[in-house]
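Next up is a structure, given as structure tokens.
No lab work stands behind these numbers, since they all come straight from the coordinates. All values reported here derive from a predicted model rather than from experimental measurement. Methodologically, a virtual Cβ is constructed for each residue, glycine included, from the backbone with ideal geometry; neighbour enumeration extends over all protein chains shown.
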Amino acid sequence: MNNKDFSILLEKRTMKFAINIVKVSSAMPNSCESQVIRKQLTKSGTSIGANYHEANRSRSRADFKNRINICLSESNETVYWLKIIKALSLSKQNSLQPILLEANELLALFTSISTKLKQKQL
């Protein structure tokens, strides 16, 4: 698979992930505490795809690298919030496990991309 095909697939994957994040967050309880967590999860989980979309349309290598690092950071934050939701049982465990797995996979992908970009710089 070439880079262009990979980027198209990853854009679709991050968009699907964002949609699933919105579904998970909208199904959470409506307590004051849940609302705070829901907002944080929704912001970080949807930001991954938005920033990757922007990365693929960047005007410079530096901009691309910056956007990828934002994707990495937002992926890491999303994993954190999903773990909090799991620990507090704020979502059905059977629906949460696949999205937590996908969040960890996206984190691994963006970690790998970021690492390769750093190696090319050396």
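Under 7 Å between Cβ atoms, at least 6 apart or on separate chains: pull out the pairs that start in the stretch 19-38 with a residue that is of a type in the set (Val, Ile, Thr) and end on any residue that is buried (at least 16 other Cβ atoms within 10 Å of the Cβ) and assigned to a loop (DSSP other than H, G, I, E, B).
Val24/Ser91; Ile37/Leu90
Here's a follow-up. Checking Glu102 against (1) surrounded by 18 or more Cβ atoms within 10 Å (Cβ to Cβ); (2) over 9 Å from the mean Cα position of the chain (by Cα): exactly one of these is not met. Which one?
(2)
So how many residues does the stretch 1-51 have that are closer than 18 Å to Leu82 by Cα, in a helix (DSSP H, G or I) and over 15 Å from the mean Cα position of the chain (by Cα)?
Total satisfying the criteria: 7.
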